[in-house]
Amino acid sequence: MSSKKRSSKNLKIGTRITISAVVGILVPVMILIAFSSVFQNFMASYFGFATVTTNEYSAVNQLQWSQTITSISDELVSDSKEESKVKKINEFVTPLEKLGSVIYIEKDGAEFYATTSKKDITDIADSIVKTDTHTNVNYFGENGMVIVNHAQSDTDKYTLIIANKDYTVNDVSKRFAPQNITHLLFSRTGIIILLIASVFIIAIIIISFITSKTISKPLRELSYGANEIANGNLDYVIDYDSTNEIGVTVKSFNHMTDQLKQLTERQQTIEQSRKEMIAGVAHDLRTPLTSVKGYVEGLRDGIANTPEKQELYLKTIYTSTLNMERLLDELLTVSRLELGNIELDCKPININDFLDDCADELLVELSQHDFDFEYNNNCDSDFTLMLDTERFQRVIHNIISNSLKYAKKDVRGKIELNAQTYQKSVIISLADNGIGIEGENLTKIFETFYRADPARTKTSEGSGIGLSVARQIVELHGGKIWATGKEGKGLTVLISMPRTEENND
Ligand code: ADP
């Protein structure tokens, strides 16, 4: 059973199509043949075409006779006037006469309608089969046919006699004799049937072949493409342009390959960034470590022999350790964020309170770096948002420290803090007048380990972590972060944060 199932499953598409096409034609033809007599019957009674047309015995002929006799009897016992009855009967009888039948109708013992005398018809009928005109007769034999039918109305009694010597009943065995079949095959009808059948079969084969080709070719290509991709060739594109189901599948397949390629490339870039970052972090750790080592040696060997020198040495050692701590701290934060190990400690905060505090601190910090600072606050006084202030300050700090790092050497630095509230959110922007960044990299700067300038020597402090940390903290708050600007024209980082639900209501 299961092997049968499997073998039908393994049928080639072409074979499948041919089988379904042949079955699709054969089944209706067989149903038509099986129900042909029922069909004819239905047609005969429905359309009333029951007129005897041949003198040869067949199912249709019997049907025609029975319809004709019923129609004549119905007419005889109807309420119509005599003349109209005769006229009507004449219509029924004329085709019978043409086929050599004789008819005699008697009404209450007297002749009512006749194509011959009573004696003649009884003689003819008797010569065909022994006939008693008082009983109903329904005889169809090789030597002729005889029908005697009695009909009775409320007032009158009718006897209908029909006889035909020319009537024939073919021997069924003869009809299907081999010579007759060959005769049929080579007759004009046979040749036409054979021709139609051949045309049908050839058409089925051609259509099946073309259809299977159009299906199996792209399927073969799909399978080839899948193998190519499995072997790592992500540049493989299946060339099949169609809007049909296979075309849609091929399109999805090509799209999938494209996505896979992009993902792989992205992962390769990230992997490359990670490698660069490890090298960079190692370098960044090594620089302060070497200086710490040098100054500790200086202290140990008594090179710092004055209290001022010792003070300077210790200060430098302290700054270097701070730098190392900051770097390690950043690394720890980013790994915890990426692992989802950080939970925010959010409280409802008034945006103005938070920004005013930030602005105060920035003013002090930036003046130490000889930077100008501008603060424009257009926030509603009652706008509150859920904020983990400590972490959000980290976001601001990371953005500002970038503005300091990527400032132009020959221009006095400037940072603008702007804020504007809307119905459901607040947008905070931090704009600098630094070196800026190429437009196409504006979205990438928020990816972990992304650095627009891989030559770490230029900006020794970068590790490609700061903005990624900022993005992850903002997103944890349900906000969004993005950047605008042009290379050489400064960078603006924008943050959109949602208003707290209660205030919304
Ligand atoms: P990094 O530690 O390298 O600064 P960030 O994640 O903070 O890492 O920033 C990623 C990259 O985005 C930086 O390497 C730099 O190329 C670019 N970038 C960030 N901020 C600025 C800015 N204000 N001006 C110009 N480029 C910037």
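The values are calculated or read from the model by the stated rules, or taken from the named source; none is laboratory data. On a predicted model such as this, the values are computed, not experimentally measured, just so you know. When we count neighbours, we look across all protein chains shown, and the Cβ atoms used for this are built from the backbone with ideal geometry, even at glycine. Note: accessible area is taken over every heavy atom of the protein model, side chains too, but ligands, DNA and RNA are not part of it. Shrake-Rupley method; radii C 1.70, N 1.55, O 1.52, S 1.80 Å.
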Practice item. Test each condition in (1) of a type in the set (A, V, I, L, M, F, W, C); (2) at pLDDT 85 or above; (3) open to solvent by 50 Å² or more (accessible area, probe 1.4 Å) for residue 253 and report the one that comes out false. Key: (3)
Study note, to complete from the structure: Restricting attention to segment 223-254, the residues that are over 13 Å from the mean Cα position of the chain (by Cα) and in a loop (DSSP other than H, G, I, E, B) number exactly 12
Practice item. Within segment 330-348, work out how many residues are open to solvent by 40 Å² or more (accessible area, probe 1.4 Å) and in contact with a helix residue (DSSP H, G or I) (Cβ under 6 Å, 6 or more places away or on another chain). Key: 1
Practice item. Select the strands (runs of 3 or more DSSP E) contained entirely in segment 349-452, then report the ones holding at least 1 residues which are crowded, with 20+ Cβ neighbours inside 10 Å, of a type outside the set (Gly, Ala, Ser) and more than 10 Å from the ligand (Cβ to nearest atom). Key: 384-387, 414-421, 425-432
Practice item. Could you tell me which residue of segment 298-318 is nearest to residue 464 (Cα to Cα), considering only residues that are without any contact (Cβ under 8 Å) to a residue 12 or more places away in the chain and open to solvent by less than 70 Å² (accessible area, probe 1.4 Å)? Key: 304
Point to revise | Inter-residue pairs, beta-carbon under 8 Å, first farther than 15 Å from residue 256 by Cβ and in segment 219-234, second surrounded by fewer than 16 Cβ atoms within 10 Å (Cβ to Cβ), 6+ apart | key: 219/13
Check your understanding: Would a scan of segment 256-274 turn up a residue that is within 30 Å of residue 17 (Cβ to Cβ) and open to solvent by less than 60 Å² (accessible area, probe 1.4 Å)?
Key -> yes
Practice item. Among what's in segment 63-86 and is part of a helix (DSSP H, G or I) and farther than 22 Å from residue 146 by Cβ, pick the residue that is most open to solvent (accessible area, probe 1.4 Å). Key: 83
Check your understanding: Can you name every residue in segment 472-497 that is of a type outside the set (Ser, Thr, Tyr), within 10 Å of the ligand (Cβ to nearest atom) and crowded, with 16+ Cβ neighbours inside 10 Å?
Key -> 483, 485, 490, 491, 493
